[in-house]
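Below is one structure, written out as structure tokens; the observations come after it.
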Amino acid sequence: MSSTDRVYTFFSVHERLFLPVHRLLRDRYGVDSFAGTGWGHDQASVLAYGEIDYDPLVVFTRDVLEPSRNAVPDIDFLRDREERYGVSIHRMIWSERHLLEGRSYKQVLALTERLFRVVEARFDEFQPTLLFSEDVGCLSSYVHYAVARGRGVPFWRIGSARMPGLLSVYSGGPQDWNLTKAKLAEIRERGLSDEERGEAAAFVEDFRNRPERPTGMRTRARLPIADKEDLERLTQLGKRYISDPQNPTLTSPVRALGQRAVRLARNQASRSFDYFDRPMTGERYVLYPIHFQPEASTLVQAPYYLDQAALIEDISKSLPVGYQLYVKEHVSNRGRRPLAFYKRISETFGARLLGPDEDTWKLIRDAAAVTVITGTVGWEGLLFGKPVVTFGDVFYNECELTHRAGLFPKDQWHDVFRRAIFDHRHDEERLLEFVAAIRATSRPGFLKNPNTFPAVMEPENVERITDALAWGAGLRRVD
């Protein structure tokens, strides 16, 4: 690609991070045309003073939300977009975590129509050569992805490679690591080089000896009554919320305080009612980690498995006799779920509900199998050499060692779990091939919400994110 590249960005919640990335794209790679979509006026104000001229800059609350407020949806238009882009409008809507509350079906359809019209018009105006963001995680990013794909515009995304200090770079569908898939096919064809095998084996051995939680898990697991960081974030939230209270990604400080109070009360009540059990020595079990919600990992990658309590019941029905289902709460879920959720699981035949502080690594090591929707524990299960059963779309489905229950009807899940538990044979070479493919198609750095993880703004990390994007998109340095 050349300096005539035109970069369109869906900012999500990363305007403070992506702004210096754009500066480096301009100064280091010669890109001088930028446009994008942000959620609210608070983001637009940050971008207005950042030395980059975003033309056009879509502000969701101004350009999409307000004009669609009393509109009547054009069903024929939406049907045409389903056919034109090969998508399910309803599935796209279900990926949304902010915009459905308090809106009728017709209002959401009108909003979706407006989104398509605005994104298409801005693409017509700007003529982007590439789209850039994190992965598809909401209705707005889904619309950007669909329009870009329909027009042949590559949508390059940066995310966690699920290896410490590495970024995944890809332009396939949601969680479709196309570069990794291509590299894996190449490695399978020619075999691992000695260097590739050595580096992959060293990573796997190091993980098995000293496993670590994913980046940011410790922060999300905290649930203090209040501390200095909480107060600072609350103050910043208040300033942003006042500038644009219609921004769907923002919560009022009053509501944020109410949510924290509810979480604290639920967390204490779950302990008082003794919903959480303990593992039993010698018991044979399959491990299911409760997924954090709402997240793109289920909303986008597994929209048919959003009711985890129902899925847990179905998995319990599918296990071979003599095997319990160990259901472990997520460390970030403390106080987020109503007590009725825990009660339902604790009363599920053949299920044992475990608390968030149980040793995940020991549970994985001792399990007969690990089953997940799309969670990171599935990836960790593979690294420990365990059979892993998945239900949703996730990057490690490409590994030949994964059992994909989501490809089968429910009445065949019993057979899937029987194969995983009794017939599975771990193949270390297949695992090393997959690890090597990820390492070869990843780049140094990490990407998180800068409002929660300020370290992501360190200049060295900003450079790494920029260089990772440029590497994937084929941008050439000009400095």
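The values are calculated or read from the model by the stated rules, or taken from the named source; none is laboratory data. Since the structure is predicted, the reported quantities are computational estimates derived from the model, not experimental observations. Every residue, glycine among them, receives a Cβ derived from its backbone with ideal geometry; neighbour counts consider all protein chains shown. Please note that ligands, DNA and RNA were not included when accessible areas were found on the heavy atoms of the full protein model with its side chains. Shrake-Rupley method; radii C 1.70, N 1.55, O 1.52, S 1.80 Å.
Tell me which residues, restricted to segment 387-424, are farther than 30 Å from Leu167 by Cα and of a type in the set (Lys, Arg).
Passing the criteria: Lys410, Arg418, Arg419.
Among the residues of segment 428-479, how many are surrounded by fewer than 16 Cβ atoms within 10 Å (Cβ to Cβ), modelled with pLDDT of 95 or more and of a type in the set (Asp, Glu)?
The qualifying residues number 4.
So, of the residues in segment 359-373 that are open to solvent by 10 Å² or more (accessible area, probe 1.4 Å) and not in a helix (DSSP H, G or I), which turns out to be nearest to Arg284 (Cα to Cα)?
Ranking the candidates gives Ala368 first.
Among the residues in segment 386-393, are any in contact (Cβ under 8 Å) with a residue 24 or more places away in the chain, out of contact with any helix residue (DSSP H, G or I) (no Cβ under 7 Å at 6 or more places or on another chain), open to solvent by less than 20 Å² (accessible area, probe 1.4 Å) and in a loop (DSSP other than H, G, I, E, B)?
No, segment 386-393 contains no residue that is in contact (Cβ under 8 Å) with a residue 24 or more places away in the chain, out of contact with any helix residue (DSSP H, G or I) (no Cβ under 7 Å at 6 or more places or on another chain), open to solvent by less than 20 Å² (accessible area, probe 1.4 Å) and in a loop (DSSP other than H, G, I, E, B).
Within segment 413-427, how many residues are crowded, with 20+ Cβ neighbours inside 10 Å and over 19 Å from Arg284 (Cα atoms)?
0
Any residue in segment 25-32 that is open to solvent by 60 Å² or more (accessible area, probe 1.4 Å), out of contact with any strand residue (DSSP E or B) (no Cβ under 9 Å at 6 or more places or on another chain), among the basic types (Lys, Arg) and not in a strand (DSSP E or B)?
Looking for residues that are open to solvent by 60 Å² or more (accessible area, probe 1.4 Å), out of contact with any strand residue (DSSP E or B) (no Cβ under 9 Å at 6 or more places or on another chain), among the basic types (Lys, Arg) and not in a strand (DSSP E or B), one finds none in segment 25-32, hence no.
List every residue pair whose Cβ atoms lie under 9 Å apart, where the two residues are 6 or more positions apart in sequence or sit on different chains, the first residue falls within segment 318-330 and is under 11 Å from Ala369 (Cα atoms) and open to solvent by less than 10 Å² (accessible area, probe 1.4 Å), and the second residue, located anywhere, is among the polar types (S, T, N, Q) and modelled with pLDDT of 95 or more.
Going by the 9 Å Cβ cut-off, the qualifying pairs are Leu325/Ser316; Leu325/Thr348; Leu325/Thr371.
Contact list please: Cβ distance under 8 Å, first residue in segment 149-174 and within 24 Å of Leu383 (Cα to Cα) and touching a residue at least 40 places away in the same chain (Cβ under 8 Å), second residue acidic (Asp, Glu) and part of a loop (DSSP other than H, G, I, E, B), pairs at least six apart or on different chains.
Note: pairs meeting the criteria are Ile158/Glu134; Gly159/Glu134; Gly159/Asp135; Pro164/Glu212; Tyr170/Asp176; Pro174/Asp135; Pro174/Asp393.
Being modelled with pLDDT of 95 or more and in contact with a helix residue (DSSP H, G or I) (Cβ under 9 Å, 6 or more places away or on another chain) narrows it down to one of Ser297, Ser318, Ser332, Ser270, so name that one.
Ser318
Collect the residues in segment 39-97 that are among the hydroxyl-bearing types (Ser, Thr, Tyr), over 26 Å from Gln301 (Cβ atoms), surrounded by 14 or more Cβ atoms within 10 Å (Cβ to Cβ) and out of contact with any strand residue (DSSP E or B) (no Cβ under 8 Å at 6 or more places or on another chain), keeping them in residue-number order.
Listed by number, the residues that qualify are Ser45, Thr61, Ser68.
Select the helices (runs of 4 or more DSSP H) contained entirely in segment 144-254, then report the ones holding at least 1 residues which are among the acidic types (Asp, Glu) and at pLDDT 70 or above.
Output list reads 178-190, 194-209.
When you go through Arg114, Arg122 one by one, which is the residue that is under 26 Å from Ile75 (Cα atoms), assigned to a helix (DSSP H, G or I) and touching a strand residue (DSSP E or B) at 6+ places or on another chain (Cβ under 6 Å)?
Sole residue among the options that is under 26 Å from Ile75 (Cα atoms), assigned to a helix (DSSP H, G or I) and touching a strand residue (DSSP E or B) at 6+ places or on another chain (Cβ under 6 Å): Arg122.
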